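So the structure is just underneath, and the comments pick up after that.
The values are calculated or read from the model by the stated rules, or taken from the named source; none is laboratory data. Quick caveat: nothing in here was measured; it's all calculated off a predicted structure. So basically every Cβ, Gly included, is an ideal-geometry build from the backbone, and we count neighbours across all protein chains shown. What goes into the accessible areas is simple: the full protein's heavy atoms, side chains included, and nothing from ligands, DNA or RNA. Shrake-Rupley method; radii C 1.70, N 1.55, O 1.52, S 1.80 Å.
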Amino acid sequence: MELDFIREMFDSIAPKYDFLNRFLSLRQDVRWRREMVLAAEIPPTGLVLDVACGTCDVAMEARNQTGDAAFIIGTDFSPGMLTLGLQKLKKNRRFATIPLVCANALALPFQSTHFDAVLIAFGIRNIMDRKGALKQFHDALKPGGKMVVLELTAPERGLFRQIYLFYFKRILPVIGSLFSKNAGAYHYLPASVLKFPSPKKFSQIMVTAGFTDVRWKPMTFGIVTLFAGTKK
């Protein structure tokens, strides 16, 4: 039930997803993804998995940073997102070779110890069994491989937290409903972010899933956090 609801929600908002990401973040999402890919330290000929790839912005950034030598695969459980992602990839010959796979993050259809890096941006909070997903990512990585998570988070304290919560709970749903047919998606968004564990708690989940050298970095006053961990 939960999986179907989230899949249908992302299918419905897919046509406006990129526009609203840029608009609502004041284009900060571009910088966040750039930092994310840099943190993965992808080898020149590395194999990269972009989980919950959506419309493929992370996969495209990975290709921009690594050139044509790295092999990048995108996977998502939303056919609507993948359809738009495929359209974007086909517009540029450089990205057209990135394959896309429709799959659930809790049951990845790939061999163990296969990837040099696993990336997931703005997707882990939509998975209730986060530890199970992280274990899947850990299993998919080669020894020494890195997992990097980019996720929306709430500032922990201070005046900026109050301003952020007002915007997130009152303003964002109104803006989202103006541009998207699924107004409920932009009520779900703040609720899912506020329920997401604190960076400290999420990093502990990463450790229990098997990752070492786990680190996190708040960005843009803490409205997003970058997490990284390594498989021994």
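Observations on the structure shown:
- Counting only DSSP beta bridges whose two residues both lie in the chain, roughly 40 percent are antiparallel.
- Normalising by residue count, segment 139-190 has a Cα convex hull of 129 Å³ per residue.
- Its relative contact order, with pairs defined as Cα atoms under 8 Å and 6+ residues apart, puts the chain at 20 percent.
- Rounded to 0.05, the FRET efficiency of the Q65 and K135 pair, given R0 = 25 Å and the Cβ-Cβ distance, is 0.40.
- Per-residue ellipticity at 222 nm from helix content only, as computed over the chain with -39500 (n - 2.57) for each DSSP H run of at least four residues, stands at -14500 deg cm²/dmol.
- Average Cα contact separation per residue, segment 38-128, under 8 Å, 6 or more apart, as relative contact order %: 38 percent
- When you filter the trypsin sites (Lys or Arg not before Pro) in segment 122-185 for DSSP loop state and at most 12 other Cβ atoms inside 10 Å of their Cβ, you are left with R157, K181.
- Label-point gap, in nm, between K200 and A96 - each point 7 angstrom along Cα→Cβ: 5.2 nm
- Difference of contour (0.36 nm per residue) and Cα-Cα distance, L38 to Q111: 23.8 nm
- With K and R counted +1 and D and E -1, the other residues having a Cβ less than 11 Å from that of V101 yield a net charge of -2.
- Shape class of segment 97-232 from the alpha-carbon gyration tensor: oblate, with a/c at 1.5 or above and b/c at least as large as a/b.
- Extension gain for the segment I175 to L26, taken as residue separation times 0.36 nm less the Cα-Cα distance, is 52.3 nm to one decimal.
- Prolate/oblate/rounded call for segment 9-82, Cα gyration tensor, a/c under 1.5 rounded: oblate
- Applied to segment 134-149, the Karplus parametrisation 6.51 cos²θ - 1.76 cosθ + 1.60 on θ = phi - 60° returns per-residue 3J(HN,Hα) values of 5, 5, 4, 5, 4, 5, 6, 7, 6, x, x, x, 10, 10, 10, 10 Hz, with x for Gly and Pro.
- For the chain, alpha-carbon Rg relative to the globular expectation (2.2 N^0.38 Å, N residues): 0.96
- Probe 1.4 Å, protein heavy atoms only - accessible area per residue of the chain in square angstrom: 48 Å²
- Taken about its Cα centre, segment 94-155 carries a charge dipole of roughly 60 debye when the Cβ of each Lys and Arg holds +1 and the Cβ of each Asp and Glu holds -1.
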